Amino acid sequence: MAKLLRAENVTVSVNGRKILENVSCSIHRGEIVLIAGPNGSGKSTLLKTFMGLVDHEGRVILDGREITGTEPPERFRLGITLAPEKLRVAKNLTVGENIKIAGDPEHAFSLFPELKPLEDKKTGNLSGGERQMVVLARAFVSRPRYLLLDEPFQGLHKDVRERVIEYIEEYSKSTGIAVVTHDEIEEIFPMSEKICILTGGKVLYSGESRNAEKIVSEMFI
Ligand SMILES: Nc1ncnc2c1ncn2[C@@H]1O[C@H](COP(=O)(O)OP(=O)(O)OP(=O)(O)O)[C@@H](O)[C@H]1O
């Protein structure tokens, strides 16, 4: 059985408008898939579809099993994590409590030592960048099979961004990782096995990154 998370012929309509149309995209365990495209092309909606957060036509398949229609907590239990997922950061809980929901806080503090002094601080009182580190720490320590990262570098200082890029590379040895990013395409594209480019809710290109250098340099770099 292939170890992959797959969206198959997915169409998402909002108020009669198709914001994804017949999109197929697969993330194999152990690879990085870059999801790219202009603003409003449907990238976040595709990640939400994998997580079970939007109604859609078509199917979602996890490791050979159809999971279409299952709720997000069930998908989390099955090993899918979406970050950031702002709604799920409990602002009235402390940094430590937020991380404990997902996994081992000491593991999180080894990835983001900046969070250790903030352990007892309420997440609602953090800066945007600090909160982003909590979101990413929770995602990494939850040890997902498939990790969906939506603009993971937003608000982070350069040195933290560089560290997150290293973690993505390291974790992708055992995890399927999809990354949506605007600013860090130059860094993530060379690390990625595959790229899915969306425009206007449709797939413009989906395939191996090594065959996509021309289109990526024309569109994004
Ligand atoms: N719940 C919703 N209701 C109405 N329109 C929506 C909804 N969710 C997304 N859209 C619209 O669907 C389109 C795709 O949105 P989406 O956030 O998936 O794009 P994106 O590629 O991630 O964009 P960005 O790069 O700007 O984050 C946009 O035009 C957006 O306004």
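The values are calculated or read from the model by the stated rules, or taken from the named source; none is laboratory data. Note that the coordinates shown come from a computational prediction; the quantities given were computed from them, not determined experimentally. Quick reminder, even Gly has a Cβ in these numbers, built from the backbone with ideal geometry, and neighbours come from all protein chains shown. Accessible surface is based on the protein model in full, side chains and every heavy atom, while ligands, DNA and RNA are left aside. Shrake-Rupley method; radii C 1.70, N 1.55, O 1.52, S 1.80 Å.
Of all beta bridges that DSSP places with both ends in region 83-208, some 55 percent have antiparallel geometry. Once the C-beta distance of Glu119 and Glu169 is scaled by a Förster radius of 41 Å, the resulting FRET efficiency is 0.90 to the nearest 0.05. Computed about the Cα centre, the dipole magnitude for region 120-160 is approximately 180 debye when only Lys and Arg (+1) and Asp and Glu (-1) carry charge, each at its Cβ. One chain, two ends: Lys3 and Ser127. Fully extended at 0.36 nm per residue, the span grows by 40.9 nm beyond their Cα-Cα distance. For region 5-22 versus region 139-159, the spacing of their alpha-carbon centroids is 25 Å.
Separation of region 169-194 and region 89-121, taken as the distance between their Cα centroids, equals 24 angstrom.
Determine the percent antiparallel among the DSSP beta bridges restricted to the chain, to the nearest 5. It would help to have the intermediate numbers written out before the result.
Working: 22 of 39 bridges.
If I count the DSSP bridges inside the chain, around 55 percent turn out antiparallel.
One equal scatterer on each Cα of the chain, no solvent, Debye formula: the resulting log10 I(q)/I(0) at q = 0.11, 0.12 Å⁻¹ is -0.52, -0.62. When the charge dipole of the chain is built from unit charges on Cβ atoms (+1 for Lys and Arg, -1 for Asp and Glu) and taken about the Cα centre, the candidate among Leu5, Ser127, Pro38 whose Cα reaches farthest toward its positive end is Leu5. Solvent-accessible area per residue in the chain equals 48 Å², computed with a 1.4 angstrom probe and all protein chains kept.
Determine the dipole magnitude for the chain: charges of +1 sit on the beta-carbon of Lys and Arg, -1 on that of Asp and Glu, nothing else is charged, the reference point is the Cα centre, and the result goes in debye to the nearest 20. Show your work: numbers first, answer last.
On the way: 30 positive and 32 negative charges, 119 e Å.
My answer is approximately 580 debye.
Between His182 and Glu218, the modelled label-to-label distance comes to 2.3 nm, taking each label 7 Å out from Cα in the direction of the beta carbon. A rounded overall shape is assigned to region 80-173, the ratio a/c of its alpha-carbon gyration tensor axes (a ≥ b ≥ c) being less than 1.5. Once the chain from Gln154 to Ala90 is taken as fully extended at 0.36 nm per residue, the excess over their C-alpha distance is 21.1 nm.
Write down the Kirkwood hydrodynamic radius of region 166-221, to one decimal in angstroms, obtained as one divided by the mean of 1/r over all alpha carbon pairs. Provide the component values of the computation, followed by the final result.
Values: mean 1/r = 0.0832 Å⁻¹.
Radius from the Kirkwood sum: 12.0 Å.
Shown here: region 111-221, whose C-alpha atoms stretch 47, 26, 26 Å along the first, second and third principal axes, sorted largest to smallest. For the pair Ser13 and Glu162, label points projected 7 Å from Cα toward Cβ lie 5.0 nm apart. Long hydrophobic helices in the chain, taken as whole DSSP H segments with a C-alpha length of 18 Å or more on their own axis and mean Kyte-Doolittle hydropathy at least -1.0: 128-141.
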